[in-house]
Amino acid sequence: MKKLFIVVIFAFFALTTYAQIPYFAGTAGDGNIYGYTSLKFRPSINAQESYTTFQYGITDYAAAGTDIYSYNNSVYWGFLVRGGYRFNKWYGIGLQATPSFDMGNNFEFNYLTLGLYQNGSITSDGNLFWVSNTWAGINKNADNTWNQWWYLGYYVYLKDKGGITPMLGILHDWKFENKIDVAAGFYYTYKDWNFYMWGNNFFEENPRIVIGVDFKLKTKK
């Protein structure tokens, strides 16, 4: 009953508040391939976004890859390097740098995204955990951005059918110049696959819905 109660509470927030998908400290692992793709849309207006990334684990603690982000008629291609290390179940840290280029403007450099990922367990079984994502966007033709995401998550084991992880948190800019977003969502895990349902701006006129999937292919035995 306790687990069911937690799931219901998180699901309620997922349907009524803001959201962004969180990123964890760990990398794909040595020789493994990680892939993620998502579609973001706002019902009733033409504002589709898509994001896809593929990353290859160079070691257990580092990865390199590429990503593509599109918004309406704009497409940006990025190249990323990422590192991460988990000291213990209570704390892990990761860093990522991604310069991105405008595919509609002679592959001109457009922006650099820097990410600091931190996460760890709160309970000894690891089911209740926290996540922190710190973002810096260095833009060529726009103001730079500095944002922070905070999350709590709870993993619910579904026996042989994987597990579901509802998450709840807040998003804000570093200077708190804009209003704080209450963030929520969940993902379903089955073997090496995760299926995401997220959203944001639910309190505004045109909310954004996010659906996504990621996977990890193990290339070494």
Relative contact order, percent, the range 16-175 [alpha-carbon distance under 8 Å, six or more residues apart]: 15
Estimated FRET transfer efficiency when R0 is 22 angstrom, pair PHE101-GLN148 (beta carbons, to 0.05): 0.25
Accessible surface of the chain, 1.4 Å probe, proportion on carbon and sulfur as whole %: 63
Exposure of TRP174 as accessible area (Å², to 10), given a probe of 1.4 Å and all protein chains: 110
Interatomic Cα distance distribution for the range 104-150, bins of 10 angstrom, percent: 23, 32, 23, 14, 7, 0
Highest-fluctuation residue, THR145, THR98, THR53 considered, GNM on the chain with Cα pairs under 10 Å: THR145
Only Lys, Arg (+1) and Asp, Glu (-1) charged, at Cβ; the chain dipole about Cα centre in debye: 820
For GLY78, distant residues with modelled amide H under 5 Å away: ASP67, ILE68, TYR69, PHE101
Size descriptor, Kirkwood hydrodynamic radius, that averages inverse alpha-carbon separations across the chain, Å: 18.3
Candidates LYS40, LYS191, LYS159: whichever shows maximal mean-square fluctuation once the chain is modelled as a Gaussian network with Cα springs under 10 Å: LYS159
Accessible area per residue, Å², the chain with all protein chains present, probe 1.4 Å: 56
Cross-link pairs LYS40/LYS89; LYS40/LYS175; LYS159/LYS216 - those with Cα-Cα distance over 29 Å: LYS40/LYS89
Largest to smallest accessible area among SER124, SER74, SER38 [probe 1.4 Å]: SER124, SER74, SER38
Where labels lie 7 Å past Cα in the beta-carbon direction, separation of SER70 and LEU112 in nm: 2.8
Residue with peak Gaussian network fluctuation, the chain [Cα springs, cutoff 10 Å], from TRP90, TRP77, TRP198: TRP90
Inter-site label distance for LYS159 and VAL213 at 7 Å from Cα along Cβ, in nm: 2.5
Theoretical ellipticity at 222 nm over the chain - DSSP helices of four or more residues, -39500 (n - 2.57) apiece, nearest 500: -2000 deg cm²/dmol
Rg [Å, one decimal], Dmax [Å, integer] - the range 65-183, C-alpha atoms: 17.3, 52
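The values are calculated or read from the model by the stated rules, or taken from the named source; none is laboratory data. All figures in this text were calculated on a predicted structure; none of them were measured in a lab. Quick reminder, even Gly has a Cβ in these numbers, built from the backbone with ideal geometry, and neighbours come from all protein chains shown. For the accessible areas, the whole protein counts, side chains as well, though only heavy atoms, and no ligand, DNA or RNA atoms are used. Shrake-Rupley method; radii C 1.70, N 1.55, O 1.52, S 1.80 Å.
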